[in-house]
Structures are given as structure tokens and as C-alpha cells.
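Read through the structure below, which is laid out as C-alpha cells, and then see the notes.
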Amino acid sequence: MSADQLFLITGATGNTGAPAAKILLEAGHRVRAFVHRADQRSEALAVVGAEIIEGDLLDFHAVSSAMSGVSAAYFCYPIAPGGLLPATAIFAQAASEAGVDAVVNMSQISARREAKSHAAQQHWLAERLLDRSAFGTTHLRPTFFAEWLKWQWLRNDNDGVLRLPFGNGRHAPIAGIDQAHVIAAVLQNPAPHNRQVYPLVGPEELDHYAIADQIADTLGIPVRYEPIDIPTYAAAMTAQGRTDFFVQHISSVAQDYQDGIFAGENNLVEVISGQKPMTVAEFVNANHADFEHDGRFAMRAQLAHA
């Protein structure tokens, strides 16, 4: 692909879309950022050269208009009830009509035919739907994002706590920025990755006791992991106001996590992007300020007696 190709990035203010857009812009490409609503995050993308399109991925005409002139596109849809499959169908049709060469699809490591999570099963179905299209497809299946650590983090005056329903399970946390490097690399050179499914993981598989130890060493404070049972965590999410769809998903993938579905190590990030993925310590150092207070989705009150 030439340097002046136009790439469409959806979820463009999110943890993978925003850095992917910036990487492509820095490489000299044009980027059209599709956002649900304009805000400070989209303004930051506009400042560095992205074209901002405000719209809804369930609006066929908006998506079709955004596809005009696009060479390759990144598709990312949130965990929300009833939206993924129609959004995928709309995206596939719009991309087909526009003559888009390739689509990079954000799926998840728990996506499979027999998944108990409705969201995870729908991601598997979305992959199959996209594969029926004429354009090239690449499906990314990341394990739990490293961002989960700062989102669910509980910070006390002199220590920190990870209170999560993951038992003794293991995974290699992967940062959004590392996924963004993969997304950008595939968009710029999609042919070798056509019809591939990539499980994306960080550099080291750990259980949450070891993750807590690495956070402690990096921050210089005591940090402990307190495993809780899945029903207790589900009740806390419900009390926090999460949708039934989201609670069902997290509850199901928490069991998947304990059963080893999220585990494993590989070198795909480095092979595809040329970049080594961040370790837990590097991620904590890069996001140090976020560990000075409770995470944005922390459930301190809801889990106070867990």
C-alpha cells in the first residue's frame, strides 16, 4: 500500500483505536476516525491530523458514507446487548460496497462456537460473518487487557488491592498500545494476514498473585490479590449498574479464565508489529498516575464485604 492510503478506524477514542490512529498518522497515512460522539479525545485526534466522523455503527448510511475511499478498516464494537451482529453486518456490507481491501476485526480470546458468554459467542459469529465477505479479514483475539489492572484497582493510603474473580488462573496481560501496533501493521500490509486469527498476549503469563507482586515492586507499596467468587463479583457489577448482558459476559469469561482459556504465551505481537509488548512493570510505570487512586471501574463499596 502507498503512503497516502486512507484508513478507517472505529472505536477511535478507545484503548486500541486511538493509538492505532496515531501510529498510522505518524507513518504518513490518512486516517478517518469514526467516533460515537465528539469529545476531548476525538479533538486530540483531530489535532494530530485525523479526519473525525461522528456516527453510530448501527447506522448503515453513516457507516457507508465513512467507507468512501477507504483502503482498509479497523472494526471494534463495545460489549453491549444486541449490537455486535447487526453492526458487523452493516460494516461488512458497507466495506464491500466501497471496495475496501481488508478489515481488521477486534474479537476476544474467549470467542468460540461453544462459548457460554453471549458476547463471546457473538464475536465468533461476527468473525464467521466477516469471513464470508470478499475483502481480506484478520481477527484479533486478545487476552485480558493490561488496562484491566488499573480499571479494577483499589488504592488505599499505603497499599493496593486487586479483588477479582479469577482464582488461580493465568494470563499474559497485553496493553492496548501493543494491540494498536499490530492493528496498524496489518492495516498497512494486510495480504499476509488474510483469514488469520491471532491470539494476542503480553510477554509473560502470570497469575494474579504474581501480577500483584510486580505492581508492588514497581510502585514500592504492598499490593495483594484477593480472589473472590464469581457470583459475588456478578452481584457487585449489578449493584454498580452494569447491564445484565455485561454481567453475564464477565461472569462467563471469569470461569473461562479459571479454566485456562485466557492463558498462553506467544510472540505474535513482536513478529507482526516489530515491537516487543510491554511487561506488567512497564505498563504500571507508563500509567503510574492511574495507580495513585481507585480505578475508574473499581467497586470498592460493592465489594466492601466480599
Roughly what angle does helix 84-98 make with the longest principal axis of the chain, taking Cα atoms, 0 to 90 degrees, to the nearest 10?
-> 30
Antiparallel DSSP bridges in region 60-207: what percent, to the nearest 5?
-> 20
Quick P(r) readout (region 26-168; Cα-Cα; 10 Å bins; whole %) gives 10, 33, 33, 17, 6, 1
Relative to the longest principal axis of the C-alpha atoms of the chain, give the angle of the C-alpha long axis of helix 244-258, reported between 0 and 90° and rounded to the nearest 10°.
-> 70
Along the charge dipole of region 151-306, which of 238, 303, 278 sits closest to the positive end, that is, farthest toward it, with unit charges on the beta carbon of Lys, Arg, Asp and Glu (+1, +1, -1, -1)?
-> 238
Under 18 Å from the Cα of residue 276, which aspartates and glutamates turn up, not counting those fewer than eight places away in the same chain?
-> 147, 178, 204, 205, 265
Please build a GNM for the chain, connecting alpha carbons under 10 Å apart, and tell me which residue among 71, 133, 107 fluctuates the most.
-> 133
Here D for region 147-209, in µm²/s, from Stokes-Einstein with a Kirkwood Rh over Cα pairs at 20 °C and 1.002 mPa s, works out to 150
Over all distinct alpha-carbon pairs, what is the Kirkwood Rh of region 234-288 in angstrom?
-> 14.1
Across all Cα atoms of the chain, Rg and the largest Cα-Cα distance (Dmax), in Å, are 19.1, 57
What dipole magnitude, in Debye to the nearest 20, does region 104-143 give about its Cα centre under +1 on Lys/Arg Cβ and -1 on Asp/Glu Cβ?
-> 100
Once you charge only the Cβ atoms, +1 for Lys and Arg and -1 for Asp and Glu, what is the size of the charge dipole of region 140-223 about its Cα centre, to the nearest 20 debye?
-> 420
Would you please classify the overall shape of region 214-266 from the alpha carbon gyration tensor, given that a ≥ b ≥ c denote the square roots of the eigenvalues, rounded means a/c under 1.5, and beyond that prolate means a/b larger than b/c while oblate covers the rest?
-> oblate
Among 98, 66, 21, which one moves the most in a GNM of the chain with springs linking Cα atoms closer than 10 Å?
-> 98
Roughly how many Å is it from the Cα centre of region 169-213 to that of region 131-148, as a whole number?
-> 10
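Run lengths n ≥ 4 of DSSP H only: what is the helix-derived mean residue ellipticity at 222 nm for the chain, with -39500 (n - 2.57) per run over all residues, to the nearest 500? Show your work: numbers first, answer last.
On the way: 12 runs with 122 residues, N = 306.
Estimated from H runs of four or more residues: -12000 deg cm²/dmol.
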Using a/c under 1.5 as the rounded threshold, could you call region 136-289 rounded, prolate or oblate? The axes a ≥ b ≥ c are square roots of the C-alpha gyration tensor eigenvalues, and prolate needs a/b larger than b/c, oblate otherwise.
-> oblate
Antiparallel %, DSSP beta bridges [both residues in the chain], to 5 | 10
Which of 289, 66, 268 sits closest to the plus end of the dipole of the chain, meaning its Cα is farthest towards the positive end, when Lys and Arg get +1 and Asp and Glu get -1 on the C-beta?
-> 66
Roughly what would the spin-label model give for residue 125 and residue 217, points 7 Å off Cα along C-beta, in nm?
-> 4.4
Could you work out which residue, out of 72, 184, 216, moves most in a Gaussian network model of the chain, that is, has the largest mean-square fluctuation with Cα springs under 10 Å?
-> 216
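Sorting 271, 103 by accessible area (1.4 Å probe), largest first, what list results?
Details: 271 100, 103 0 Å².
Result of the area sort, largest leading: 271, 103.
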Please report, in whole Å, how far the alpha carbons of region 120-179 spread along each principal axis, starting with the longest.
-> 56, 24, 16
Considering only protein heavy atoms, what per residue accessible area in square angstrom results for region 157-306 with a 1.4 angstrom probe?
-> 45
To the nearest 20 debye, what charge dipole does the chain have about its Cα centre, counting +1 at the Cβ of each Lys and Arg and -1 at the Cβ of each Asp and Glu?
-> 540
Gap in Å between the Cα centre of region 86-109 and the Cα centre of region 251-306?
-> 27
With all protein chains present and a 1.4 Å probe, how do 150, 276 order by accessible area, largest first?
-> 276, 150
For the Cα atoms of the chain, what angle does the longest principal axis make with the long axis of helix 118-131, in degrees from 0 to 90, nearest 10?
-> 20
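The values are calculated or read from the model by the stated rules, or taken from the named source; none is laboratory data. Being a predicted model, the structure only gives us computed values, none of them experimental. Cβ atoms come from the backbone with ideal geometry, glycine included; neighbour counts cover every protein chain shown. Just so you know, the surface numbers come from the protein's heavy atoms only, side chains and all, with ligands and any DNA or RNA stripped out. Shrake-Rupley method; radii C 1.70, N 1.55, O 1.52, S 1.80 Å.
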